[in-house]
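A short reminder: the numbers here are calculations on the coordinates, not readings from a lab. Quantities reported herein were computed from a predicted structural model and do not represent experimental measurements. Cβ coordinates were reconstructed from backbone atoms using ideal geometry, including for glycine residues, and neighbour counts include every protein chain displayed.
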Amino acid sequence: MMQITEQELLEKLKVNFGYDSFRLEQQAIIENILAKKDTLVIMPTGGGKSICYQLPALFFEGVTLVISPLIALMKDQVDSLKANGIPATFFNSSQSTQEQQEVFDAIASKSIKLLYVAPESLSLLQNVLNQSYISCIAVDEAHCISAWGHDFRPSYKQLAFLKKSLPETPIVALTATADKATQQDILEQLAVPYATQFISSFNRENIALEVRPANDRVQQIIKFIQKRPNEAGIIYCLSRKATEQLASKLQQNNIDAKAYHAGLSFEERAQTQEDFIKDDCEVICATIAFGMGIDKSNVRWVIHYNMPKNIEGYYQEIGRSGRDGLPAKALLFHSYADVIQLRQFIEKTGNKEVQEAKLERMKQFAEATVCRRKILLSYFGELIEENCGNCDVCKNPPTFFDGTVIAQKGLSAIYRLQGKEAMGTVIDVLRGAKNVTVLEKNYDKLKTYGVGNDISWRDWQHYLIQLTNQGYCQIAFHLNNSLQLTEFSNKVLFEGEKVQLTTPVEFTKEVKTVAKE
Ligand code: ADP
Ligand code: ZN
């Protein structure tokens, strides 16, 4: 086994990468890899994962194989390694036979230290996938191997054979986003159950978390931005159209905003990105296509105009703010309509159950009545003792009141409507509305018609969502989102069970919280 001193590690770090010291757990990870142990590295984006396998590669005799799905970035990565005096190259199916042969020769003669390859191209490397040539295997974006991950890629499935064919070669799996189930699954799929796990903290204390109801979100966003002159921010929207509509509404209000999405030309996107980085444009209204690989440390806030699909995505996106460590703000608009729309998207995709479960966790986060950071971190397997003090729930804890009568009214309306109507109609009936649906279906003759007219439409929505979350009613997504009773409903309707509800947060109150900061 190699004996490498700390001195030697630091020397290489300085000479080849130009840094004076290691960050966080980098050194422990590197030592583990040099001891030829399988390793799992969960570290937030920007944490410094690359060095964890690039530095050991310099000490190994053979090649370190780097498996990465990001073919577009491989050339850049290889170029920057070469610029640091590290012999490296990449291999893919678009190369000529001649070029591929050169790669084989370089491996056999051990004249390169790192070889980047996409999982699809691995089979073409069969001849050289041999322990005497390959000293270490780094699997980047390792969550792609797991069906529990948020970005499952079937091509990653092939990586399972690596441990079998090269049992002595240490495997290093790295990712920035893996919930607990995914972390375990990565180890299983790569057949490295005993890998040493290094899970860095995901806590970004400087990012204040806030969730607001989505009513009048454009107005809310305008006010939010007007309170923060000259601050750069990103607003994530679900659709291309929404990014453009929002950008133009903001422009009408003299806000320097631009849209960014994959439907724009390459030139337009590059220009917008550059303007943003150079502080020539303050606000970007973007689809999730925006932000990958963008290095801008002074993004002061991120708004989610729409609900993200899962917590992994949400965390990555809010993480683009406050990279300089100064206070930043993440504001999420929670709309029930968004959740329904996302569910409909999920219906059409593969891996439906996992996606649904992830969306459910996202929704629970948005509707939380406990410290949001606790929920966020526990999702990635990190537990914190204290409430964070820097989220809206901590700053403004919800007050509960006895909502039994409200619950009884709501649930009996659902009962009278025989579980056939969606939330909107249930509320209309409760409030005694006289619209076409209500009148045509004779709902004005129901016993519960109008019993809830002392409560506003929005507050009813808030209460019914809470009742749903507490399991007293449910939304039948396959039956036009109709609201139905559950086995718990009877307890409230007939057995005298008490229900605790929270007061709806009013918009005016929210604005005051913001102004206080
Ligand atoms: P990740 O892959 O985790 O997103 P990178 O490996 O790209 O992160 O590193 C993020 C940035 O941090 C890079 O600019 C990298 O050069 C820098 N970096 C990594 N390790 C160190 C270190 N020990 N000291 C200073 N800068 C570092
Ligand atoms: Zn908190």
Task: region 6-199: Rg to Rh, with Rh as the Kirkwood radius over Cα pairs - done: 0.93
TODO: Report, in deg cm²/dmol and to the nearest 500, the calculated mean residue ellipticity at 222 nm for the chain, where each DSSP H run with n ≥ 4 adds -39500 (n - 2.57) and the sum is divided by the residue count.
DONE: -11500 deg cm²/dmol
Task: Principal semi-axes in Å for region 302-406 [√(5λ), Cα gyration tensor, largest first] - done: 23, 21, 14
Open item on the list: Could you tell me how far the Cα centroid of region 475-504 sits from the Cα centroid of region 280-348, in Å?
Closed with: 32 Å
Task: Rounded to the nearest 20 debye, dipole of the chain from Cβ charges on Lys, Arg, Asp, Glu - done: 1380 debye
TODO: Counting other Cβ atoms within 10 Å, keep those with at most 16, restrict to DSSP loop, and tell me which trypsin sites (Lys or Arg not before Pro) in region 285-361 are left.
DONE: 348
Open item on the list: Using Cα-Cα distances under 8 Å and only pairs 6 or more residues apart, what relative contact order does the chain have, in percent?
Closed with: 11 percent
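Could you compute how fast region 100-215 diffuses translationally, taking Rh as the Kirkwood radius over C-alpha pairs and applying Stokes-Einstein at 10 °C with viscosity 1.306 mPa s? Give it in µm² per second. It would help to have the intermediate numbers written out before the result.
Details: Rh = 16.2 Å.
D = 98 µm²/s.
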Open item on the list: As an exercise, find the ratio Rg/Rh for region 207-395 from alpha-carbon atoms, using the Kirkwood inverse-distance average for Rh.
Closed with: 0.95
Task: Spatially proximal lysines relative to residue 352 (Cα-Cα < 21 Å; intrachain offsets below 8 disregarded) - done: 157, 180, 309, 363
Open item on the list: Taking just the alpha-carbon atoms of region 137-194, what radius of gyration and Dmax come out, in angstrom?
Closed with: 10.3, 30
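Report the relative contact order of region 136-282, percent, no decimals, based on alpha-carbon pairs under 8 angstrom and at least 6 residues apart. Let's see the in-between values first.
Numbers: 124 pairs, mean separation 24.9, N = 147.
Relative contact order, region 136-282: 17 percent.
Work the Kirkwood hydrodynamic radius out for the chain: mean of 1/r over every pair of different alpha-carbon atoms, inverted, in Å.
Details: mean 1/r = 0.0388 Å⁻¹.
Its Kirkwood hydrodynamic radius stands at 25.8 Å.
Can you tally the net charge around residue 455? Count Lys and Arg as +1, Asp and Glu as -1, for every other residue whose Cβ sits under 12 Å from the Cβ of residue 455.
On the way: positive: 409, 431, 458; negative: 454, 459.
Here the charged neighbours net out to +1.
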Task: Percent of Cα-Cα distances greater than 14 Å, calculated over region 441-490 - done: 64 percent
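With N set to the residue count of region 404-459, report its C-alpha Rg divided by 2.2 N^0.38 Å to two decimal places.
0.98
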Open item on the list: Looking only at the chain, where both bridge partners belong to it, what percent of the DSSP beta bridges are antiparallel (to the nearest 5)?
Closed with: 15 percent
Open item on the list: Give the average over all directions of the projected area of the C-alpha convex hull of region 203-256, one decimal, in nm².
Closed with: 4.7 nm²
TODO: Work out, in µm²/s and without decimals, the Stokes-Einstein translational diffusion coefficient of region 400-502 at 25 °C, 0.890 mPa s, Rh from Kirkwood over C-alpha pairs.
DONE: 184 µm²/s
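Once Rh is set to the Kirkwood radius over Cα pairs, what Stokes-Einstein translational diffusion coefficient, in µm²/s, holds for region 1-71 at a temperature of 37 °C and a viscosity of 0.692 mPa s?
Numbers: Rh = 12.8 Å.
Answer, rounded: 256 µm²/s.
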TODO: Identify the chymotrypsin sites (Phe, Trp or Tyr not before Pro) of region 1-59 meeting these criteria: DSSP loop state and at most 14 other C-beta atoms within 10 Å of the C-beta.
DONE: 19
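Tell me which chymotrypsin sites (Phe, Trp or Tyr not before Pro) from region 323-414 have a DSSP coil assignment and no more than 16 other beta carbons within 10 Å of their own. Can you show the working numbers first?
Values: sites: 333, 336, 345, 365, 379, 380, 400, 401; in loops: 380.
Filter output for region 323-414: empty list.
Quote the FRET efficiency, to the nearest 0.05, computed for residue 454 versus residue 19 with a Förster distance R0 of 60 Å and r equal to the Cβ-Cβ distance. Spell out each step's value before the answer.
Details: r = 65 Å, r/R0 = 1.08.
For residue 454 and residue 19, the calculated efficiency is 0.40.
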